[in-house]
Structures are given as structure tokens and as C-alpha cells.
Amino acid sequence: MTESAPTNLLLVDDEPTLREPLAEYLVRQGFAVREADSAAAARSALLENRPDLVLLDIMMPGEDGLSLCRHLVEAKELPVILLTAKGEATDRIIGLEIGADDYVTKPFEPRELVARIRSVLRRAGRAAPAPEEDAQYEFEGWRLDPLKRKLTDPDGAVVSISTAEFRMLRAFLDHPRQVLDRDRLLDMVQGREAHLFDRAVDNQISRLRRKIEADSRDPRLILTVRGGGYRFASDVRRVAPERS
């Protein structure tokens with residue numbers, strides 16, 4: 001009986017006094033860890049080996065962590081946990097809006113980071129449908145392919161959506177006609193319950209409305225529920241994938 005391969009992490013931080021001991025700790029916890037001291041080094045590492053999750057410092061010289069985060073989420077579709085300083089609340093919000101899965105604030109307890117890593121990996125595993133569960137979502141003539149993350153409008157045109165918008169839309173499609181408050185949406189989409197990021201939810205919904213509503217100023221699909229959150233006001237069907 002063979003042992004399963006260890007989870008591969010890419011740790012990106014320009015501070016060796018934090019990066020090196022943290023890498024050693026994570027290795028002792030059973031992870032395989034590669035280190036990068038800059039965004040450029042991280043991009044090179046990605047060419048050699050695809051990690052299961054990226055731990056990413058926001059404040060780095062050269063290309064910053066937010067720019068790299070966007071690339072990791074949108075181009076590579078990788079789970080990302082941000083490593084942030086206490087005064088970087090705005091950057092944390094932006095990072096979550098562009099699709100980061102979670103964050104920890106420096107200085108942090110390494111055991112907490114390990115717990116967050118495992119939580120994000122569990123969510124990522126649940127989010128990936130099994131081959132026999134590749135049914136697509138259909139609503140009001142729209143179609144969402146969760147495997148390809150492709151959204152098609154009623155005329156058959158493909159509409160570009162970010163990873164964050166895809167996660168938000170899928171949360172609504174999995175819970176049609178249910179009132180979802182901001183905390184629950186945030187937990188489903190980001191895995192983080194914190195009132196600080198209410199605005200991130202609202203911004204994502206505003207962008208999503210501009211993609212799928214005939215008039216985003218008078219939405220008919222994603223409705224605001226006063227004092228309650230949001231409700232997806234359409235029936236949703238799961239349909240067999242289209243075969244080319």
C-alpha cells in the first residue's frame with residue numbers, strides 16, 4: 001500500500017526571518033514546501049511545479065502580492081491564503097475581492113495557519129465536482145459550466161467572469177430563492193465570517209449584476225432583501241453538459 005503524496009505549498013515572502021522558519025514548521029506538519037522571495041521567483045516556481053495552495057505575502061518589492069494573487073486565482077485557479085500586516089485592511093479587502101481564499105495577519109500563530117490551510121484545502125476539494133457530477137446550471141436561458149467556469153448568456157455568447165464572480169454566482173445557484181445574508185455568503189465564497197468584509201460581498205454582487213442583469217440598476221435575478229442580504233429570484237436547473 002503506497003502512501004499518498006504530501007500537499008504541496010508555495011510560500012512567497014521576501015522576509016527570510018519569517019519565511020524560512022515557517023517553511024521548516026510546515027514541513028514538520030507533513031507539507032511539502034517550496035519557497036520564493038519575490039513574485040518573479042514565484043512565477044518561475046510555478047513553471048516547474050504546480051502547488052496545491054499558495055501562501056502569499058502582500059507587501060513585497062517589485063510586483064506586489066495583490067498583482068500576483070490575481071494571476072494565481074484567475075490564470076492558475078490556485079487557492080491562495082494572504083499573509084498580511086495589521087495595517088493592510090484595504091489590501092485584505094482587495095485580495096478577497098479578487099479571489100483569495102483567506103488571510104492571516106502577522107504576527108500569527110503557526111498552528112492557526114495550518115488550520116486555515118487545511119480548511120481552504122477541504123473547501124477546494126468539495127468545490128471540485130466529481131466527473132459524474134459535472135451537470136451544468138441553467139437559469140433564465142443562462143448556462144454555467146462549473147468545470148470550465150464558463151458562463152453563457154441566452155444568446156449563446158460567452159460572458160467573462162472572474163473567479164470571485166464565479167464563486168458568488170455558484171453560491172446563489174446552489175441556493176435559489178433562499179435569502180443569504182452577507183455573513184453566510186462570505187463564508188461560502190471566502191470561508192471568512194467578518195463584518196469588515198461586508199463591502200467586498202456588495203462589490204462582488206454589483207459586478208455580477210452588471211454581467212447577468214438586463215438592467216443592473218433594476219435587478220430581477222439577484223434581489224436585495226432589506227436587513228437580510230440577497231436572494232436569487234429564479235429557478236435553477238441542473239442539466240447534462242453540452243457535448244461538442
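When the label point is put 7 Å from the Cα of Ala157 along its Cα-to-beta-carbon vector, which residues of segment 210-244 have a backbone N closer than 13 Å?
Taking a point 7 Å out along Cα→Cβ of Ala157, the residues of segment 210-244 whose backbone N falls under 13 Å are 211-214.
For Val80, which sequence-distant residues (separation of 5 or more, or a different chain) have an amide H within less than 5 Å of its own amide H, given hydrogens modelled in the peptide plane?
Amide H neighbours of Val80: Val54, Asp101, Asp102.
In nanometres, what is the gap between the two model label sites at Asp183 and Glu63, each 7 Å from Cα along Cα-to-Cβ?
3.8
Report, in debye and to the nearest 20, how large the dipole of the chain comes out about its Cα centre when Lys and Arg carry +1 and Asp and Glu carry -1 on their Cβ.
680
Where both residues lie in the chain, what percent of DSSP beta bridges are antiparallel, nearest 5? Intermediate values should be presented prior to the final figure.
Numbers: 17 of 34 bridges.
For the chain, the DSSP antiparallel bridge percentage is about 50.
Under 1.5 on a/c is rounded, so check that first for the chain, then, if it is not, pick prolate when a/b is larger than b/c and oblate when it is not; a ≥ b ≥ c are the square roots of the alpha carbon gyration tensor eigenvalues.
Prolate shape, in that a/c is at least 1.5 and a/b is the bigger ratio.
Need one number: nm distance between label points at Val225 and Lys106, each 7 Å from Cα along Cα→Cβ, rounded to one decimal.
That separation, rounded to one decimal, is 4.1 nm.
With θ set to phi - 60°, apply the Karplus curve 6.51 cos²θ - 1.76 cosθ + 1.60 along segment 90-103 and write out the HN-Hα couplings as whole Hz, x wherever there is a Gly or Pro.
So the J values, rounded to whole Hz, are 4, 5, 5, 4, 4, x, 5, 5, 8, x, 4, 8, 6, 8.
Report, by chain and number, residues whose modeled amide H sits under 5 Å from the one on Val159, excluding near sequence neighbours (fewer than 5 apart, same chain).
The list, which skips near neighbours in sequence, is Leu151, Thr152, Asp153.
At a 1.4 Å probe, what is the % contribution of carbon and sulfur to the accessible area of the chain?
46
Over the chain, average the accessible area per residue using a 1.4 Å probe and give it in Å², no decimals.
Using a 1.4 Å probe on heavy atoms only, each residue of the chain averages 51 Å².
The values are calculated or read from the model by the stated rules, or taken from the named source; none is laboratory data. Please read these numbers as outputs of a predicted model, since none were measured by experiment. Cβ atoms come from the backbone with ideal geometry, glycine included; neighbour counts cover every protein chain shown. Please note that ligands, DNA and RNA were not included when accessible areas were found on the heavy atoms of the full protein model with its side chains. Shrake-Rupley method; radii C 1.70, N 1.55, O 1.52, S 1.80 Å.
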